[in-house]
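The values are calculated or read from the model by the stated rules, or taken from the named source; none is laboratory data. Quick caveat, the model's predicted, so the values are computed rather than measured. Note that each Cβ is placed from the backbone with ideal geometry, even for glycine, and that neighbours are counted across all protein chains shown. Quick note on the areas: whole protein, heavy atoms, side chains included, nothing else; ligands and nucleic acids left out. Shrake-Rupley method; radii C 1.70, N 1.55, O 1.52, S 1.80 Å.
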Amino acid sequence: MSGMQDEQNIPYEDDYAYELPDHAGKTIRRLWRSVSDQHGRLAVVLMSVACYTLLSIYAPYYSVRIVDFLWNGIRSAHTQGTVFRVSWEQGGREIAVLLAVYTATAGLYTLQSFLMSSFAERLSLRLRTEISEKINRLPLVYFDNHRTGEVMSRAVNDLDKMSEALQTGLLRLFTAAGMVAGSLVVMFQMQVWLTLIFLFFMGLALLSTKLFAAKTLQLAARRQQCVSNVTARVEEAYSGRVIIKAFGREQNSSREIHRATEELAEVSRKADFLVNAINPAI
């Protein structure tokens, strides 16, 4: 019983404290070397993102020409007292091209999403395998100084978050960067002063996003800390259920787990609200 109490008193807060990485460049280079067999897959993703961005920008730009063409045809038919009909020569060809562009855009998005999902899951599998091998080599003193649930949380929950970030966050970053650059080029071609006004408000939006991001990262780190705490307490209660029952600690154990889950729910509510409030606020 004293062993369980000692394990429950192991601090875990500092392990998930929010801080900027000290060696982000080295970490990225190490991660890049660990996926050396998937560099070709990433190259295909980048080319797909580039083509997807170009087509996504070209589609609305091309649709402007179609609307003008159809509107001029309708006005001309109205002036002549005839009925305007869309045929292959009068707008049909242009509409078919626009449909092909949107179809290609959807295909490219599906391709890059599939490739990034498989890339992230392959990397997650490799890291979990390496963690398993590392755990088998660790001395017993490591497990005396760390919660079992905390170790499980790092191998399961944290890697799930990393996989999610690679599948969605990294792909959105590539796409957003290309869309912003391409859209600015088209906007400057259309109207310079209107684009400058847009850039001014875009700067304000970036400043607001930076303020939101700092708080969001703190809440995200706190949520992972709470997830680790819940995982640790559930694992301890399950593995030590015989001892808990023998000493009549069922209610105390239940209260601790409920308290941990309520804390996780509250932190998750705040984090999710802040994440979903960024776009409406901007």
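Do we have A205 as part of a helix (DSSP H, G or I), assigned by the TED database to the domain that holds V230 and open to solvent by less than 70 Å² (accessible area, probe 1.4 Å) here? It is true that A205 is part of a helix (DSSP H, G or I), assigned by the TED database to the domain that holds V230 and open to solvent by less than 70 Å² (accessible area, probe 1.4 Å).
Conditions tested, residue by residue: (1) crowded, with 16+ Cβ neighbours inside 10 Å; (2) of a type in the set (V, I, T); (3) modelled with pLDDT of 85 or more.
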{"residue": "D160", "(1), (2), (3)": "no, no, no"}
{"residue": "L166", "(1), (2), (3)": "yes, no, no"}
{"residue": "L170", "(1), (2), (3)": "no, no, no"}
{"residue": "G182", "(1), (2), (3)": "yes, no, no"}
{"residue": "Q189", "(1), (2), (3)": "no, no, no"}
{"residue": "L199", "(1), (2), (3)": "no, no, yes"}
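Working carefully through the options R65, R128, find the one that is within 30 Å of K161 (Cα to Cα), open to solvent by 60 Å² or more (accessible area, probe 1.4 Å), among the basic types (K, R) and not in a loop (DSSP other than H, G, I, E, B). Of the residues listed, the single one that is within 30 Å of K161 (Cα to Cα), open to solvent by 60 Å² or more (accessible area, probe 1.4 Å), among the basic types (K, R) and not in a loop (DSSP other than H, G, I, E, B) is R128. Screening the stretch 86-110 for residues that are more than 27 Å from the chain's Cα centre (by Cα) and polar (S, T, N, Q) and picking the one that is surrounded by the most Cβ atoms within 10 Å (Cβ to Cβ) gives Q90. Return a yes/no flag: does the stretch 31-43 have any residue that is within 23 Å of the chain's Cα centre (by Cα), open to solvent by 70 Å² or more (accessible area, probe 1.4 Å), of a type in the set (K, R) and within 30 Å of F119 (Cα to Cα). Yes, the stretch 31-43 contains at least one residue that is within 23 Å of the chain's Cα centre (by Cα), open to solvent by 70 Å² or more (accessible area, probe 1.4 Å), of a type in the set (K, R) and within 30 Å of F119 (Cα to Cα). Applying a threshold of 8 Å to beta carbon distances and a minimum spacing of six or more residues, or different chains, the list of pairs starting in the stretch 168-179 at a residue that is within 11 Å of M116 (Cα to Cα) and ending at one that is crowded, with 17+ Cβ neighbours inside 10 Å and hydrophobic (A, V, I, L, M, F, W, C) reads L170/M116; L171/V45; L171/V49; L171/M116. Beta carbons closer than 9 Å, at least 6 apart along the sequence or on distinct chains, pair a first residue in the stretch 68-97 that is in contact (Cβ under 8 Å) with a residue 24 or more places away in the chain with a second that is of a type in the set (V, I, T) for G91/I66; E94/I66; I95/I66; I95/V86; V97/I66.
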